[in-house]
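A.B. asks: One structure, as structure tokens, below. Some questions next.
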Amino acid sequence: MSNLPLRLTILGSGSAFATTAHHAGACVDGAVLLDCGAPALALLPPCGIDPAAIEVVCLSHFHADHCFQLPVLLAARRFEQPQAPPLTVVGPTGTADHVDRLLRLAFGDQLRDEVMGERPPRLVEVTGGDVVDLGRHRLEAVTVVHVPHLPCLAFRISRDGIALGYSGDTTWCDGIRDLARRVDHLLCECTGGDEPDPVHLTRPQALALMREAPTTRFILTHLRHRQPVPGALLASDGLTLSLAGA
């Protein structure tokens with residue numbers, strides 16, 4: 001078993017309409033992307049990560065700020081990184097159709113056909129409770145509640161006894177409460193302030209989640225406002241953390 005800590009790089013820490021940060025997204029161990037709404041192709045190199053080294057993209061749901069840069073990443077892999085293996089994209093039910101629509105919208109039918117022709121990405125659809133072996137990492141999908149018309153997932157990603165949770169977008173629900181208790185570190189959305197938010201976690205709810213999972217380290221992202229939350233770290237674009245196990 002390796003003693004290396006898990007490396008978490010924050011590519012973007014902002015909410016969908018934030019004006020001071022990129023859309024929320026992160027990279028684990030220079031290989032696994034958590035969502036792809038931020039312009040990962042441009043943000044990875046300044047963080048010391050080769051885009052060609054990305055192996056997997058995990059999509060939490062299909063809102064624009066979480067997936068609209070995926071066509072760029074897929075096309076770059078096809079045309080600019082021919083030596084790199086095809087990407088694996090893991091996401092909720094409907095991911096294959098959504099990726100197809102994104103490619104057609106972004107670049108048209110011809111380029112979509114080229115990206116999906118030779119060496120196409122591997123598309124893996126999961127629901128809550130599914131586990132995917134990613135080689136070095138183990139990924140578990142967790143059902144969360146964000147908006148009623150879309151399947152939405154959080155993820156638990158682990159390596160060598162270190163477990164990181166990623167909330168995606170969520171409200172206060174059983175899924176995120178259970179995940180928070182089963183990880184060493186939780187990259188958790190905290191979009192709302194002190195007022196109720198029907199589709200996101202608020203600051204008081206983040207504090208309540210921390211009380212329920214007192215041994216978990218909280219890293220808050222998808223921020224509309226950078227309001228301190230006692231006991232939690234606020235993510236910032238370009239931040240890299242070394243995460244150890246319990």
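A.B. asks: Within the stretch 1-110, which chymotrypsin sites (Phe, Trp or Tyr not before Pro) sit in a loop by DSSP and count at most 16 neighbouring Cβ atoms inside 10 Å?
C.D. replies: Loop-located and lightly packed - Phe17.
A.B. asks: What percentage of all Cα-Cα pairs in the stretch 1-73 are separated by more than 17 Å?
C.D. replies: Cα-Cα pairs in the stretch 1-73 separated by more than 17 Å: 38 percent.
A.B. asks: Let me ask something else. Identify which of Val147, Val89, Val56 has the largest mean-square fluctuation in a Gaussian network model of the chain, with springs joining Cα atoms closer than 10 Å.
C.D. replies: Val147
A.B. asks: Which whole-Hz ³J(HN,Hα) couplings does the stretch 188-202 yield from phi under the Karplus relation 6.51 cos²θ - 1.76 cosθ + 1.60, θ = phi - 60°, glycine and proline marked x?
C.D. replies: Along the stretch 188-202, the couplings run 10, 5, 8, 6, x, x, 8, 8, x, 9, x, 10, 9, 6, 9 Hz.
A.B. asks: What residue among Gly231, Gly14, Gly168 shows peak mean-square fluctuation when the chain is described by a Gaussian network model with Cα springs under 10 Å?
C.D. replies: Greatest mean-square fluctuation among the candidates belongs to Gly231.
A.B. asks: Pull up all non-local amide H partners of Val126: gap of 5 or more, or a different chain, and H-to-H distance under 5 Å with H placed in the peptide plane.
C.D. replies: Excluding prolines and chain starts, which carry no amide H, the hits are Gly91, Thr93.
A.B. asks: Tell me, what HN-Hα J-couplings in whole Hz come from the Karplus equation 6.51 cos²θ - 1.76 cosθ + 1.60 at θ = phi - 60° for each residue of the stretch 10-26, using x for Gly and Pro?
C.D. replies: 8, 7, x, 10, x, 7, 4, 10, 5, 10, 10, 7, 5, 4, 4, x, 8
A.B. asks: Ordered by residue, what ³J(HN,Hα) values in Hz, to whole numbers, does the stretch 84-99 give under the Karplus form 6.51 cos²θ - 1.76 cosθ + 1.60, where θ = phi - 60° and Gly and Pro are x?
C.D. replies: After applying 6.51 cos²θ - 1.76 cosθ + 1.60, I find 7, x, x, 6, 9, 10, 10, x, x, 3, x, 4, 4, 5, 5, 4 Hz.
A.B. asks: Using DSSP to define loop residues, name the trypsin sites (Lys or Arg not before Pro) in the stretch 147-207 whose beta-carbon has at most 16 other beta-carbon atoms within 10 Å.
C.D. replies: Arg182
A.B. asks: Taking H placed 1.01 Å from N in the peptide plane, check which residues at least 5 places from Leu234 or on another chain put their amide H under 5 Å from its amide H.
C.D. replies: Residues meeting the amide H criterion: Leu220.
A.B. asks: Along the positive direction of the dipole of the stretch 57-187 (beta-carbon charges: Lys, Arg +1; Asp, Glu -1; about the Cα centre), which of His185, Pro82, Ala106 reaches farthest?
C.D. replies: His185
A.B. asks: Related question: How much net charge surrounds Leu243 when only other residues with a Cβ under 9 Å from its Cβ are counted (Lys, Arg +1; Asp, Glu -1)?
C.D. replies: +1
A.B. asks: Can you sort Met210, Met116 from fewest to most other Cβ atoms within 10 Å of each residue's own Cβ?
C.D. replies: If I rank by nearby Cβ atoms, fewest first, I get Met116, Met210.
A.B. asks: Something else about it: Based on the alpha carbons, how large is the Rg to Rh ratio for the chain when Rh follows Kirkwood?
C.D. replies: Rg/Rh: 0.95.
Quick note: the coordinates plus some simple rules give every number you see, no bench work behind them. From a predicted model like this one, the values you see are computed outputs, not experimental measurements. No Cβ is skipped: glycine too gets one built from the backbone with ideal geometry, and neighbour counts run over all protein chains shown.
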